[in-house]
Amino acid sequence: MLDAALGVFSRFGYRKASMDEVAQAAGFSRQGLYFYYKTKQDLFRATVLHSYTTRLDAVKAALTTKRKSFPARLVAALDEWVGRYVGSLGPNASELVEASGLLASPVMKGYEARFEKLLAGFLSREPALMAAYRAIGVSPIQLAQSVNATARGFKDRSETRRDFVVQVKTAVRMLCLPMDPRVASEIKK
């Protein structure tokens, strides 16, 4: 139901999306949807929470996979967290972002902090990387916040998810240079 709601909100924006459209997309009756969510605001908040939970779970999976290199895991995590919806939102994307900020800001801020803490833990496991950044006074959380902000900037500049990933790969190659140039070059365009 929440995945269907996310699709409807993404396509129409918060204001234009209706409970009828969500119910139809989810295969529920309107009355059935109202059984779970009394208002469109309640449904929207639950949808935002679901989206953030799903994305954070995907980030954890990306960072813990053993089949990929350190840079590839970092790119995958940033793609799941920031790039997932690049190019897929409808023409009402700015209105949807505004509604998210108004109706779900505490949820978003809490998950953003959890993501950055998770990312800081991942980055701190790479001794050569952290030695280089600690030497210039940058802590793991500061590095994670900078990486996240960089990815968000790329999101705003990208028309497609593929464009986003290409740009993130460049940033990750630069970030990983203190480890070993060969490690940084494992991520190609």
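Filtering ALA149, ALA113, ALA184, ALA135 for residues that are among the small types (Gly, Ala, Ser), more than 30 Å from TYR14 (Cα to Cα) and at pLDDT 90 or above leaves a single hit, ALA135. Residue-level analysis places SER124 among those that are modelled with pLDDT of 95 or more, buried (at least 17 other Cβ atoms within 10 Å of the Cβ) and of a type in the set (Ser, Thr, Tyr). Screening LEU175 with (1) within 17 Å of LEU63 (Cβ to Cβ); (2) at pLDDT below 95; (3) touching a helix residue (DSSP H, G or I) at 6+ places or on another chain (Cβ under 6 Å); (4) not β-branched (Val, Ile, Thr) gives one miss only, at (3).
Summed over the stretch 40-86, residues that are over 26 Å from ALA99 (Cβ atoms) and either surrounded by fewer than 17 Cβ atoms within 10 Å (Cβ to Cβ) or in contact with a His (Cβ under 6 Å, 6 or more places away or on another chain) (or both) total 9.
Residue count for the stretch 9-22 satisfying the condition of being modelled with pLDDT of 90 or more, surrounded by fewer than 23 Cβ atoms within 10 Å (Cβ to Cβ) and part of a helix (DSSP H, G or I): 3. Total residues in the stretch 23-35 satisfying the condition of being not polar (S, T, N, Q) and not in a helix (DSSP H, G or I): the figure is 2. VAL48: free of Cβ contacts under 8 Å to residues at least 24 places away in the same chain and part of a helix (DSSP H, G or I), yes or no? No; evaluated as a whole, the condition is false for this residue.
The values are calculated or read from the model by the stated rules, or taken from the named source; none is laboratory data. Please read these numbers as outputs of a predicted model, since none were measured by experiment. Counting neighbours? That spans all protein chains shown, and the Cβs are built from the backbone with ideal geometry, glycine included.
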